[in-house]
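These notes concern the structure reproduced below.
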Amino acid sequence: MRKDEFPEKIFAPQTGDMSAEDFRRHGYQMIDWIADYFQNIEQLPVLAQIDPNWLKDNLPKSAPEDGEDFSEVLKDVDRLILPAVTNWNHPNFHGLFSTSSSAAGIFGELLSAAFDQKAMLWRASPASTELEEVVLEWLRQMMNLDAGLKGIIYDTASVSTLHAIAAAREGLNLRVREDGMSGREDLPLLRVYTSEQSHSSVEKAVLLLGLGQKGLRKIETDEQFRMRPDKLREAIEEDKANGFIPFCVVATVGTTSTASVDPIEEIVPVCEENVMWLHVDAAYAGSAAIVPELQNCLKGCERADSVVTNPHKWLFTPFDLSVLYCRHLDLLKRAFSLVPEYLKTNETVTNQMDYGIQLGRRFRALKLWFVIRYFGQNGLIDRIREHCRLTKLLASWIEKSEDWELLAPVNFALVCFRACPENVGDLNAFNEDLMNSINASGEAYISHTKLNGKFTLRLSIGSIRVEEKHIENVWNLLNKNLTF
Ligand code: PLP
């Protein structure tokens, strides 16, 4: 596109960034676009209805030589990007864990991009460093977590858990930082324990820390998909007798498949007796602990060494924002702090680069601060409480119907169930087809897991836009598809 051929268009200046005037013009356009998107989101399919490679085939193979009017770029968002978007913010997004952002959170992202902080040193971003401390203390109080747990923000729960296990390993004083793990005859097998229902991020953390799959032992669960403390104890005793070093247990509050809750209070004494680190993965369900009547789900965590919770899952904060609450920030620092000359400063302050693998860190606390201030504790509690009410309502319809059955206890805002109409031979294939046909309709998105060999539909309720009518919609859709 040549500038002289399009005098009405607005191009980037010869040097420097967009003018303030153009920024304002396009900025209003952008905000209008987002407002319309949210207003009309229910007219869009929940799952992108494109075939693989559609977007790639429709985009130029190389970058434009000259800049374009930003309005043209926005037109391509409508034409090319939107059809390829899976609409996580749609109220009938019920797959995986249904999560959604909020307007206040989006404003936080916008401002954070404008400030573009790389919060490595306090000096590089006092605002990010100090706001993070304050807002994580607010959240800790809201969740009624023990005051000994101090928070730090990472991008995802996968990374939070990785850091927790690294700190646990550092606490063993085995000179892993100095000497590594390979080629050492003095180092027996180090083991982490987690339930067979835990998230794959635990295994990935173990892989990344060089402990190997052998370094992870998966513990049996009971009929409600909760880790069995007796089996945990047995496994640790057996491993110790074989000369291994059990050093960390990762328990889950709100497992991915069924939202089951491991019995933390019974796992704590096993960890304490064996001097092991207890990390609690509350990535999904941690947010529920802000609701007084659900706070019990974290009972026992006052004796845990670390807890991860993801406000980007169920606290209406745009992805990404995961919080690791840790009782031993000193160990985290010992595992990760490495200060080259050019980053040395003489203030006595927190430098967040010391607590993880990343140097520069995004100003993520801003969006969480906006969300908490805009909704207030009560607004957030009301929303989570309503999701749980809608979940119970749906579960009650399932329980009453001959054609459906629940396959796991209903915890928080997740229902695990399947269709079981009479005269269907292969229920697994039937339910898989049913899920695929609902997802292909674009009207709703549900996902699945396998429980005791049964193909299980998972329906999660967590969108900030979800109302009772959306749950009625999806229930009608499920029933309509019983006879497809
Ligand atoms: N832990 C649990 C229980 C989860 O359900 C998930 C994701 O759904 C994770 C960890 C990983 O979360 P993230 O995507 O933040 O790494």
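The values are calculated or read from the model by the stated rules, or taken from the named source; none is laboratory data. Every value quoted in this text rests on a predicted model; they were computed, and no experiment measured them. So basically every Cβ, Gly included, is an ideal-geometry build from the backbone, and we count neighbours across all protein chains shown. Note: areas computed on protein heavy atoms with side chains; ligands, DNA, RNA excluded. Shrake-Rupley method; radii C 1.70, N 1.55, O 1.52, S 1.80 Å.
Brief remarks on what is shown
- Hey, residue 381 among the β-branched types (Val, Ile, Thr), open to solvent by 30 Å² or more (accessible area, probe 1.4 Å) and under 25 Å from the mean Cα position of the chain (by Cα) or not: no
- Residues located in the range 313-329, provided they are in a helix (DSSP H, G or I) and either out of contact with any Ser or Thr (no Cβ under 7 Å at 6 or more places or on another chain) or surrounded by fewer than 24 Cβ atoms within 10 Å (Cβ to Cβ) (or both): 329
- Counting the residues of the range 71-98 that are part of a loop (DSSP other than H, G, I, E, B) and open to solvent by 40 Å² or more (accessible area, probe 1.4 Å) gives 4.
- For beta carbons closer than 9 Å, sequence separation of 6+ or different chains, a first residue in the range 110-136 that is open to solvent by less than 10 Å² (accessible area, probe 1.4 Å) and a second that is in a helix (DSSP H, G or I) and of a type in the set (Val, Ile, Thr), the qualifying pairs are 119/129; 135/372.
Condition check ((1) assigned to a loop (DSSP other than H, G, I, E, B); (2) of a type in the set (Ser, Thr, Tyr); (3) within 16 Å of the ligand (Cβ to nearest atom)) across all residues:
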{"position": "184", "(1), (2), (3)": "yes, no, no"}
{"position": "197", "(1), (2), (3)": "yes, no, yes"}
{"position": "203", "(1), (2), (3)": "no, no, yes"}
{"position": "207", "(1), (2), (3)": "no, no, yes"}
{"position": "217", "(1), (2), (3)": "no, no, no"}
{"position": "231", "(1), (2), (3)": "no, no, no"}
{"position": "235", "(1), (2), (3)": "no, no, no"}
{"position": "238", "(1), (2), (3)": "no, no, no"}
{"position": "243", "(1), (2), (3)": "yes, no, no"}
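- Test: residue in the range 387-404 that is touching a Ser or Thr at 6+ places or on another chain (Cβ under 9 Å), in a helix (DSSP H, G or I) and not hydrophobic (A, V, I, L, M, F, W, C): yes
- Hits in the range 252-286 (condition: among the β-branched types (Val, Ile, Thr), within 16 Å of the ligand (Cβ to nearest atom) and open to solvent by 10 Å² or more (accessible area, probe 1.4 Å)): 256, 261
- Selection count, the range 149-173, where residues are in contact with a Phe, Trp or Tyr (Cβ under 9 Å, 6 or more places away or on another chain), more than 16 Å from the ligand (Cβ to nearest atom) and assigned to a loop (DSSP other than H, G, I, E, B): 3
- Some residue of the range 232-240 being touching a strand residue (DSSP E or B) at 6+ places or on another chain (Cβ under 8 Å) and open to solvent by 20 Å² or more (accessible area, probe 1.4 Å): yes
- Taking residues in the range 9-37 that are free of Cβ contacts under 8 Å to residues at least 60 places away in the same chain, and partners anywhere that are outside any loop (DSSP other than H, G, I, E, B), the pairs with Cβ atoms closer than 6 Å and at least 6 places apart or on different chains are 11/3; 26/70.
- Of the candidates 367, 344, 333, 299, the single residue that is open to solvent by 30 Å² or more (accessible area, probe 1.4 Å) and either within 16 Å of the ligand (Cβ to nearest atom) or more than 24 Å from residue 165 (Cβ to Cβ) (or both) is 344.
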